[in-house]
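So the structure is just underneath, and the comments pick up after that.
Every read-out reported here was derived from the displayed coordinates using simple, explicitly stated rules and does not represent laboratory data. Please read all numbers here as calculations on a predicted model, not as lab measurements. Neighbour counts run over all protein chains shown; Cβ positions are idealised from the backbone, glycine included.
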Amino acid sequence: MICPRCDDQRAAKIFDSPESGAWEIYRCPRCFFTWRSTEEDRVTRPELYDADFKLSEAKIREMIPKPPIVPPEGAASKPRY
Amino acid sequence: MPYGSLREFLEKAEQEGRLLRIAEEVRLEPDVRTISCAAGRMTGGPVLLFEKVLGYPDKKIVMNVHGSWENHALTLDLPKNTPVREQFREIVKRWGRYPVPAKRVTSAPVKEVVLERDFSLFRELPLFRVNPMDGGFFLSKACAIARDPENPSNQNVGIYRIQVKDHDLLGIQLSAQHDLAAYLRSAERLDVPLRAAIAVSNDPIVPFVASSPLKFDDDEYAMMGAIRGAPVEVVSSEIGALDVPAGAEMIIEGEILRHHRAVEGPFAEYPGSYSSSMLQVEIRVDRITRRRDPILFENLYTGEPWGEIDYLQGLNTCATIYNQMKLDFPEIEAVNALYTHGYCTIIASRMRFGGFAKTLACRLLSTPHGITYPKLIIVVDANVDPFNLQQVIWALTTRFRPERDLALIPNAPASTLDPAHLIRGLGTKVIIDATTPVYPDIPMEDNISVDLPADTDFWIGEIQKRMQAKP
């Protein structure tokens, strides 16, 4: 199964609906995208997923929150120039 | 009587004609989001109870609990037709009773079922995607509880967006200014465990206070007691001795993973736009306690305003700012920070002297909430109700002199979620003085104001009463 968001090939089914046969849930181990089999095509199909929301390994590396949740040791007092 | 749980509140909402049961089968996507968006967007939308969810025979979903001024009044145990300004006054009054500490109990319905292993969050809750481009299924109204590792008597209850990433794994979005982020900084520095408990589906006062901008060491439970008018009951978590709301439907317990970040989000936020996907904190879940099925899952729809979130984080924010400013400036009558979480804030006040409106605007910008959120600040006279936009626009059109009364503060701190930014986190503050100029300012030459008839306010109340009494 291909992740609709980051195209990782290792996405897999992780859950079946408690009421048998209603839907399944899938999950990507890289970007943690989860989706239900019954959702609209733009959510479940890799080729229709909005390009602005697509993720890649390179993009993921850049996604550190700014400002950081925990600043590096001594960052506040270090001169920047 | 204050409510002990979401269930007790729903009973009251139904008695008052404010609960709509959706009896037909609904799909988790897109039906729950669509109907919830509609209920929050319309005027006077009811609380929604989805009784039949496709795929989950033993779960129900509750939405739009705070999503109209009528519902909001009921959550405060006020008559459902209480006007917004009166609700504001009542909240300010109850705020003054702080602290009313929590009452500890040893047993609670939320302990009826205790799960220690082989559980799945996908089985326990009827999770759904709130908006189409959200990165997963989110708990958008659950309250996270944790203790400060450096000072364990300091405990925080806050609403954070929480993504269910696996059967026993949660993502939680922390920003540098959040209390929980400060706890994490300590836990990572000291290298000690940081426990968290997530309370799902609560007495509506719990999320009301959890989404209020209280001070770092304020006790949210003691504020809930003040707002409810009676202590809130808490019970100990299974691990880590956290106080959790005894009336909750479910408590999810786990450990925040230190020195570890992973992909979280995006998620649609209150400005009506998605916030970006980030490397964020994760919680490994190791206990779930809950009531017996059928369990109620309460969640929040967020999207283009107006919706439930605008009501939920509305008057609590107004009251917090009002109380902080009132200490320095007793002339202030009311603060309306309802629009996009205070991006537009309206202050009503008596004027001490000419130019005083700008002083008040600057004080707003130095309150904790005011540092970032307000970008458009309007100051009106004390006789203008800032919650009545017709009156505010009247003040703007008849008092505001742009060449003297408009001030811009460029390059000032701004909300990082404002989609109109050029540099994230920076923006221009716009101050508009729409008050009647007073000495030593130049008076309005032709201002011969018409007085309202003396008993107008009395008659507004009287007419409303008589209309409500009609069969």
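Descriptive notes on the structure:
- Disulfide-incompatible cysteines by the Cβ rule (no partner under 4.7 Å) in the protein assembly as shown: B:Cys37, B:Cys143, B:Cys318, B:Cys344, B:Cys362
- Selection among A:Pro65, B:Ala222, A:Pro29 by position relative to the dipole of the protein assembly as shown gives A:Pro65 as farthest towards the positive end (Cβ unit charges, Cα centre).
- Whole-angstrom gap from segment B:52-125 to segment B:217-240, using each part's C-alpha centre: 13 Å
- Counted by neighbouring Cβ atoms within 10 Å, the residues B:Leu406, B:Leu312, B:Leu396, B:Leu422 run from fewest to most as B:Leu422, B:Leu406, B:Leu396, B:Leu312.
- Along its principal axes, the protein assembly as shown has C-alpha extents of 75, 72, 48 angstrom, given from the largest down.
- 5 Å-binned pair-distance histogram of segment B:314-442 (Cα, whole percent): 2, 12, 23, 24, 20, 13, 5, 1, 0
- In nm, spacing of pseudo-spin labels at B:Gln15 and B:Leu389 (7 Å Cα→C-beta vector): 3.4 nm
- Considering all different alpha carbon pairs of segment B:259-390, the Kirkwood hydrodynamic radius works out to 17.4 Å.
- Cβ-based net charge around B:Val450, under 15 Å, with every Lys or Arg adding one and every Asp or Glu removing one: -2
- Selection from B:Ile423, B:Leu406, B:Pro440 lying farthest towards where the dipole of segment B:375-468 points positive, charges on Cβ: B:Ile423
- All Cα-Cα distances of segment B:149-210, cut into 10 Å bins from zero to the largest, leave 18, 48, 31, 3 percent in each bin in turn.
- Taking trypsin sites (Lys or Arg not before Pro) as exposed when their DSSP state is a loop state and no more than 10 other Cβ atoms lie within 10 Å, the longest site-free interval of chain B runs over B:293-471.
- Once both labels are positioned 7 Å from their Cα atoms along Cα-to-Cβ, the gap between B:Val192 and B:Leu376 label points is 4.7 nm.
- Directionally averaged projected area (convex hull, Cα atoms, chain B), nm²: 23.6 nm²
- Counting 0.36 nm for each residue step from B:Cys362 to B:Arg350 and taking away their Cα separation leaves a gain of 2.7 nm.
- Interchain or long-range residues, amide H under 5 Å from B:Glu25's placed H: none
- Label zone at B:Val438, where the point sits 7 Å out along the Cα-to-Cβ direction: segment B:373-402 residues whose backbone N lies under 13 Å: B:380-384
- Taking segment B:6-46 and a reference point 7 angstrom along Cα→Cβ of B:Met467, the backbone N atoms nearer than 18 Å belong to B:43-45.
- Beta bridge orientation in the protein assembly as shown: antiparallel %, DSSP, nearest 5: 75 percent
- Of all complete DSSP H helices in chain B, not one has a Cα span along the helix axis of 27 Å or greater and a mean Kyte-Doolittle hydropathy of 0.0 or more.
- Dipole magnitude of the protein assembly as shown, debye to nearest 20 (Cβ charges: Lys/Arg +1, Asp/Glu -1, about Cα centre): 640 debye
- For chain A, the relative contact order works out to 23 percent when only alpha carbon pairs closer than 8 Å and six or more residues apart are counted.
- Point-charge dipole on Cβ atoms (K/R +1, D/E -1) for segment B:94-140, about Cα centre, debye to 20: 420 debye
- Isotropically averaged projected area of chain A, using the convex hull of Cα atoms (one quarter of hull area), nm²: 8.0 nm²
- Exposure proxy order (Cβ contacts within 10 Å, fewest to most) of B:Leu376, B:Leu242: B:Leu376, B:Leu242
- Along the axis of the charge dipole computed for the protein assembly as shown (Cβ charges of +1 for Lys and Arg, -1 for Asp and Glu, origin at the Cα centre), the listed residues A:Leu55, B:Ala348, B:Leu127 are led at the positive end by A:Leu55.
- Cα→Cβ-extended label distance, 7 Å offset, between B:Glu116 and B:His260, nm: 2.2 nm
- Binned Cα-Cα distance frequencies in segment B:205-277 - 10 Å width, integer %: 15, 31, 37, 16, 0
- 10 Å Cβ neighbours from other chains, averaged over peptide B:54-66: 2
- For chain B, the 222 nm mean residue ellipticity estimated from helices alone, with every DSSP H stretch of n ≥ 4 adding -39500 (n - 2.57) and the total spread over all residues, rounds to -7500 deg cm²/dmol.
- Computed over segment B:284-324, Cα set: Rg, Dmax in Å: 16.4, 44
- Electrostatic dipole magnitude of segment B:314-442 [Cβ: Lys, Arg +1; Asp, Glu -1; Cα centre; debye, to 20]: 220 debye
- Per-residue extension of 0.36 nm, minus the Cα-Cα distance of B:Arg104 and B:Ser273, leaves a gain of 56.8 nm for this segment.
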